[in-house]
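I have a structure I would like to understand better, so I am pasting it below and will then ask my questions one at a time.
The values are calculated or read from the model by the stated rules, or taken from the named source; none is laboratory data. Computed from a prediction, not measured in an experiment: that's the story for all the values here. Don't worry about glycine lacking a Cβ; one is built from the backbone with ideal geometry, like all the others, and counts go over all protein chains shown. Surface accessibility is based on the protein's heavy atoms, side chains included, excluding ligands, DNA and RNA. Shrake-Rupley method; radii C 1.70, N 1.55, O 1.52, S 1.80 Å.
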Amino acid sequence: MELAQALREVVGATHVLVDPELTGPYERDWTGRFGGRARLVARPADTAQVAEVVRRCAASGAALIPQGGNTGLVGASVPRAGDEVLLSLRRLNAIGEVDAALGHVAAGAGATLGAVQAVAKAAGLDAGLDFAARDSCTLGGVVACDAGGARALRHGTARAHVAGLEAVLADGTVLSRMSGLTKDNAGYDLPSLLVGSEGTLGILTRVLWRLVPRLDARVAALVPLASVEDAAGLLAALRARAPSLESCDFFLDEGLSLVLAHQRRGSPLQPRSPVYVLAECAARSDPTDELAAALERAGIEDALIADDTVSRERLWSLREGHTEAISAAGVPHKLDVGVPLAALGRFLDEVPRVVEAAVPGARAILFGHLGDGNVHVNVLGPDADDERADDAVLELALACGGTISAEHGVGVAKARWLERARGADEVAAMRAIKRALDPDGLLNPGAVLPASRYTSPPRGCSSVG
Ligand code: FAD
Ligand code: MLT
Ligand code: ZN
């Protein structure tokens, strides 16, 4: 039987899409840089349907690309070879009741982060993770990417919130570790392996999400600074003096100009500065004094303080608004790197130079999560498949002792860099795991682990298979 018909039997005729008008939105990524035609889009409703779809695809040798909200930024949520089945998990969006005693909530992989945040809030708790794509991205995608965001500084990345997982393996086997036991070290921790695996080792169908206490007393400060060194000094003072510190992000003046123009608003700060830090403290009782003491300790005389929700959100929209403002200016090459704090100044200084040397006229917009040493380098100018600037920036991140991916994942965008970043031995171990769980290479081929079918290695990198 033809595959589309075989899948219609499982998920129903209306949930197998083949018409290009209907499949289109699933086939291009959020940045507009990556995409291709899918053989079809399948939209199962529950774990049993996911397992049966996977079995039928395996039987016909069809590759599968899992997709949640399609907000991923490394090209791994969309087809690229033209013959893959796009598996949309969005219909698995049921959210259970919060277990207040354990501080857990079980949610389908297709539930949005925003919906989980709302359920947690109603129960007097907090999801502990947040970023601008909250109302589109799904919990499955968040866990598959081990997403971070501004609040990871205090609460950790998605990994820290995974108390249990249910997943379908490449042969259709359903693994379920949803007991939520705090102590359970019987055997290998397979859920840990699936976190950050970007759809290459299994399809996540349910997540047991660990919640954190809800802290409603919040204050944010936008601090203009002369240099990255000053920003690092401020971070040190905040860490030492403000135990309620929850986020510490940064952006530069060029990015601020882009955001202000895109949002058609004036600068809340005059005169302008080269660097801005946006820090937020959260506690049970007003953390304003704590924040003020830390700012004073760092010698800060000038800062915008926001202690109500509306003004805090206005400050955060300057930082979160970078993603949309950049995309409105062109199709960016998004390079999400991590560098040690000690090397951050050198990295930020050198990026514009190496980008200009690689692609004359290209422009780099820099911002990120200062407290995590996580810099989002957004390069505007090069064609989608011109990777010269990407290579130069990733080379620089490694030369600074950093990583090629901090929170967005490797995806297809950086797969050919994995061996340079991790070394041949570690990548060989990763390949052994991949072979054990997905011997036919059907789950998200070409993502994370480079496949020669899709990529060629960066200069100076040994061969990839
Ligand atoms: P998708 O984009 O659909 O998929 C992403 C990856 O996960 C793909 O490899 C896909 O195959 C895999 N996947 C998806 N669902 C499943 C599943 N159920 N089982 C197995 N694999 C699956 N990221 C951060 O870390 N921090 C940020 O601050 C941040 N901010 C963002 C802001 C904006 C405006 C946007 C557009 C993105 C942002 N991101 C951020 C990127 C981030 O990775 C995603 O938003 C989110 O983690 C992806 O979720 P998704 O459901 O959209 O996944
Ligand atoms: C952010 O911190 O805003 C996100 O990671 C998205 C981006 O890098 O554009
Ligand atoms: Zn980020």
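How do 352-365, 134-147 rank on mean C-beta neighbours within 10 Å, highest first?
For the peptides 352-365, 134-147, the packing ranking is 134-147, 352-365.
Do me a favour and compute the ellipsoid semi-axes for segment 258-328 from its Cα gyration tensor, root of five times each eigenvalue, largest one first, whole Å.
Taking √(5λ) for each eigenvalue gives 25, 15, 10 Å, largest first.
Excluding ligands, DNA and RNA, what is the solvent-accessible area per residue of the chain at a probe of 1.4 Å, expressed in Å²?
Per residue, the chain has an accessible area of 41 Å².
Rank Lys434, Lys121 by accessible area, highest first, at a 1.4 Å probe radius?
Final ranking, largest accessible area leading: Lys121, Lys434.
Need one number: nm distance between label points at Asp349 and Ala100, each 7 Å from Cα along Cα→Cβ, rounded to one decimal.
Output for this residue pair reads 5.5 nm.
Give me the distance between the Cα centres of segment 75-149 and segment 378-393, rounded to whole Å.
30 Å
Hey, another quick one. What does the extension gain come out to for Glu301 and Leu341, with contour length at 0.36 nm per residue minus their alpha carbon separation?
Stretched fully, the Glu301-Leu341 segment lengthens by 12.0 nm.
PRE reach from Arg239 (point 7 Å along Cα→Cβ): which of segment 332-353 fall under 16 Å by backbone N?
Zone members listed by number: 339-345.
Same structure, new question: For segment 171-269, which trypsin sites (Lys or Arg not before Pro) are both in a DSSP coil and crowded by at most 13 other Cβ atoms within 10 Å?
Lys183, Arg264, Arg265
Summing -39500 (n - 2.57) over the DSSP H runs of n ≥ 4 in the chain and dividing by its residue number, what mean residue ellipticity at 222 nm do you reach, to the nearest 500 deg cm²/dmol?
-10000 deg cm²/dmol
Using 0.36 nm per residue, how much length does the chain from Arg422 to Leu190 gain when fully extended, once their Cα-Cα distance is taken away?
Between Arg422 and Leu190, full extension yields 81.4 nm more.
Follow-up. Using only Cα atoms, tell me the angle between helix 47-59 and the longest principal axis of the chain; keep it within 0 to 90° and round to the nearest 10.
On a 0 to 90 degree scale, this one is about 60.
Is the shape of segment 181-260 rounded, prolate or oblate, going by the alpha carbon gyration tensor and its root eigenvalues a ≥ b ≥ c, with a/c under 1.5 for rounded and a/b larger than b/c for prolate?
It comes out prolate by the Cα gyration axes.
Give the carbon-plus-sulfur fraction of the accessible surface of segment 1-55 in %, rounded to a whole number; probe 1.4 Å, heavy atoms of protein chains only.
Percent of accessible area from carbon and sulfur atoms in segment 1-55: 51.
Using a 1.4 Å probe on the protein chains only, how many percent of the accessible area of segment 87-243 belongs to carbon and sulfur?
53 percent
Still on this structure: For Asp19 and Ala217, what is the calculated FRET efficiency with R₀ set at 51 Å and r taken between the beta-carbons, to the nearest 0.05?
Efficiency, from the Cβ-Cβ distance: 0.50.
Could you give the semi-axes, largest first, of the ellipsoid that matches segment 140-222, computed as the square roots of 5 times the alpha carbon gyration tensor eigenvalues and rounded to whole Å?
Working through the eigenvalues yields semi-axes of 28, 15, 10 Å.
Which FRET efficiency value, to the nearest 0.05, is calculated for Ala123 and Ala429 with the Förster distance at 41 angstrom and r the Cβ-Cβ distance?
Approximately 0.50, to the nearest 0.05.
Now for a different question. Determine, from the Cβ-Cβ distance of Ala4 and Arg265 and an R0 of 56 Å, the FRET efficiency 1/(1 + (r/R0)^6), rounded to the nearest 0.05.
With R0 = 56 Å, the Cβ-Cβ based efficiency is 0.70.
Among rounded, prolate and oblate, which fits segment 134-182 when a ≥ b ≥ c are the square roots of the eigenvalues of its C-alpha gyration tensor, a/c under 1.5 means rounded, and a/b larger than b/c means prolate?
oblate
Test of understanding: express the Cα radius of gyration of the chain as a ratio to 2.2 N^0.38 Å, with N the residue count.
My calculation over the Cα atoms of the chain gives 0.98.
With no solvent and one equal point scatterer placed on each C-alpha of segment 391-452, evaluate the Debye formula and give log10 I(q)/I(0) for q = 0.15, 0.24 Å⁻¹, two decimals.
Log10 I(q)/I(0), no solvent term: -0.47, -1.05.
Here's another thing I want to ask about it. Treating the angle as unsigned and between 0 and 90°, give the value, to the nearest 10°, between the Cα long axis of helix 388-399 and the longest Cα principal axis of the chain.
Once rounded, one gets 70 degrees.
How far, in nm, would the chain grow between Ala436 and Leu398 when pulled straight, counting 0.36 nm per residue and subtracting the alpha carbon separation?
Going from the current span to full extension adds 10.7 nm.
Rounded to the nearest 10 degrees, what's the angle between the helix 344-358 long axis and the longest principal axis of the chain, both from Cα atoms, 0 to 90?
Once rounded, the angle reads 60 degrees.
How would segment 30-120 be classified by its alpha-carbon gyration tensor: rounded, prolate or oblate, with rounded meaning a/c under 1.5 and the a/b versus b/c comparison settling the rest?
oblate
Grab the alpha carbons of segment 71-193, take their convex hull, and tell me the volume per residue in Å³.
131 Å³
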